[in-house]
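Colleague: The structure's right below; bear with me while I get my questions together.
Values in this text are rule-based calculations from the coordinates and carry no lab data. Computed from a predicted model, the values in this text were never measured in an experiment. Glycine also receives a Cβ, built like all others from the backbone with ideal geometry; neighbour counts cover every protein chain displayed.
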Amino acid sequence: MNVPGLAIVLLFSYGPMAGMAIAFQKLDLTKGLFVSPWVGFDNFTYAFKLPGFQQVLWNTVFVTLMKIVVGLVVPIVFALPLNEVGRAAFKRTVQTIVYLPHFLSWVILSGIFLDVLSPSSGLVNQALGWFGVESIFFVGNADWFPYVLVATHSWKEFGWGTIIYLAAFTGISPSLYEAAIMDGAGRWKQTIYITLPGILPIIVLMATLSLGNVLNAGFDQVFNLYSPSVYETGDILDTMVYRLGLIDYQFGVSTAVGFFKSIVSLVLMSVSYALAYRFAHYRIF
């Protein structure tokens with residue numbers, strides 16, 4: 001029964017890893033992968049010396065760290081009051097509504113957000129106009145674009161985090177709340193001294209596991225929302241790989257950047273799992 005799944009993993013996950021050899025070659029498509037001349041680390045040296053590489057690396061880390069922080073805070077803030085709702089039907093309905101965007105692709109959502117954030121007819125700018133604020137070109141302004149990425153990503157994914165924390169709430173013993181009520185503790189003190197400490201291991205786990213994605217700023221989202229006018233703050237490693245490889249046909253340099261990203265991600269993921277085991281007793285086996 002495991003053979004089909006194992007075959008798919010070997011074919012589509014491990015097989016393409018042979019292409020990493022391109023990072024050490026000057027690829028000649030007429031000669032093929034293993035016949036092209038080897039150039040050692042020249043592609044890496046060239047990529048690291050590109051004028052915009054450091055800015056792209058900073059953009060990637062900056063956007064990802066903001067997504068991690070917001071992705072931890074927003075679900076908790078939303079889950080806490082939702083957990084206090086007594087009507088199960090209403091709670092399930094809200095959960096379903098906020099969870100649905102998780103299943104929508106960025107191809108669809110990007111079109112929606114481009115319309116909503118339009119400087120001329122977008123709902124957001126129309127609302128700002130009611131308060132006398134001038135129209136803002138959110139997706140075309142380099143200063144605003146990183147925060148647009150974070151806000152739209154949070155809107156899409158916070159429903160998933162909310163479900164995780166709502167599940168964590170069920171693991172807190174009701175007797176703790178009963179004892180707190182007997183001692184005169186209100187809802188706020190119950191939240192501070194019982195609820196948040198009760199889900200702290202899950203918060204630590206989610207935070208540490210997120211460290212492995214520091215260089216994954218979200219290619220689908222950025223690619224569908226950005227434009228040359230926001231390259232300065234919106235260009236990330238994945239979009240740089242796309243342009244170098246598929247637009248400029250610099251296959252060796254493109255693969256070198258992707259290889260660099262994979263190695264760093266592997267190290268960070270290993271560290272994140274070690275921290276998750278150390279602080280939250282999380283194990284993957």
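Colleague: Let me know the longest stretch in the chain that avoids all GluC sites (Glu not before Pro) found in a DSSP loop with at most 14 other C-beta atoms within 10 Å.
Modeller: Longest stretch, sites excluded: 135-285.
Colleague: Could I ask something else about it? What list of ³J(HN,Hα) couplings, whole Hz, do you get for the stretch 231-243 from phi and the Karplus terms 6.51, -1.76, 1.60, once you set θ to phi - 60° and write x for glycine and proline?
Modeller: 4, 4, 10, x, 6, 10, 4, 5, 6, 5, 4, 4, 5
Colleague: Right, next: Starting from the 7 Å offset along Cα-to-Cβ, what nm value, one decimal, do you get for the label separation of MET20 and VAL61?
Modeller: 2.3 nm
Colleague: Based on the inverse mean of 1/r over its pairs of different Cα atoms, what is the Kirkwood hydrodynamic radius of the stretch 78-169, in Å?
Modeller: So the Kirkwood estimate lands at 15.0 Å.
Colleague: Please determine, in degrees from 0 to 90 and to the nearest 10, the orientation of helix 251-280 with respect to the longest principal axis defined by the Cα atoms of the chain, where the helix direction is its Cα long axis.
Modeller: 30 degrees
Colleague: Once fully extended, how much extra length lies between PHE219 and PHE90, figured as 0.36 nm per residue of separation less the alpha-carbon to alpha-carbon distance?
Modeller: 42.9 nm
Colleague: For the stretch 178-285, take the convex hull of the Cα atoms, compute a quarter of its surface area, and give me that in nm², please.
Modeller: If I average the Cα hull's projected area over directions, I get 11.0 nm².
Colleague: Could I ask something else about it? Which cross-chain or sequence-distant (5 or more) residues have an amide H under 5 Å from the amide H of GLN25, H modelled 1.01 Å from N in plane?
Modeller: VAL39
Colleague: Short version: ³J(HN,Hα) in whole Hz for each residue of the stretch 50-62, in order, from phi by Karplus 6.51 cos²θ - 1.76 cosθ + 1.60 (θ = phi - 60°), x for Gly and Pro, what are they?
Modeller: 4, x, x, 5, 4, 5, 5, 4, 5, 4, 4, 5, 4
Colleague: Now for a separate question. Calculated FRET efficiency, ILE247 and ILE112, Cβ-Cβ r, R0 25 Å, to nearest 0.05?
Modeller: Efficiency at R0 = 25 Å is approximately 0.40.
Colleague: Something else about it: When the dipole is taken about the Cα centre of the stretch 90-194, and only Lys, Arg (+1) and Asp, Glu (-1) are charged at their Cβ, what size is it in debye, to the nearest 20?
Modeller: The calculated dipole for the stretch 90-194 is roughly 320 debye.
Colleague: If you compute semi-axes √(5λ) of the Cα gyration tensor in Å for the structure shown, which of (1) 41, 27, 17; (2) 42, 24, 16; (3) 31, 24, 18 do you land on?
Modeller: Given (1) 41, 27, 17; (2) 42, 24, 16; (3) 31, 24, 18, the calculated one carries the label (1).
Colleague: Helix-derived [θ] at 222 nm for the chain: sum -39500 (n - 2.57) over DSSP H runs of at least 4, divide by residue count, nearest 500?
Modeller: -19500 deg cm²/dmol
Colleague: Right, another one. Filter LYS156/LYS189; LYS49/LYS156; LYS26/LYS67; LYS49/LYS261 down to the pairs with a C-alpha to C-alpha distance above 27 Å, please.
Modeller: LYS156/LYS189; LYS49/LYS156; LYS26/LYS67
Colleague: How long is the gain from LEU104 to ARG187 if the chain were fully straight, where each residue apart is worth 0.36 nm and the alpha carbon distance is subtracted?
Modeller: Contour length minus the Cα-Cα distance gives 26.3 nm.
Colleague: Dipole magnitude of the chain about its Cα centre, charges +1 at Lys/Arg Cβ and -1 at Asp/Glu Cβ only, in debye to the nearest 20?
Modeller: In total the dipole reaches around 640 debye.
Colleague: What is the angle, in °, between the Cα long axis of helix 88-99 and the longest principal axis of the Cα atoms in the chain? Nearest 10 is fine, range 0 to 90.
Modeller: It is inclined by approximately 20 degrees.
Colleague: Can you tell me the orientation of helix 145-169 relative to the chain, as the angle in degrees between its alpha-carbon axis and the longest Cα principal axis, to the nearest 10?
Modeller: Once rounded, the angle reads 50 degrees.
Colleague: May I ask you to derive the relative contact order of the chain, considering only C-alpha pairs under 8 Å and at least 6 residues apart, and to give it as an integer percent?
Modeller: Result for the chain is 27 percent.
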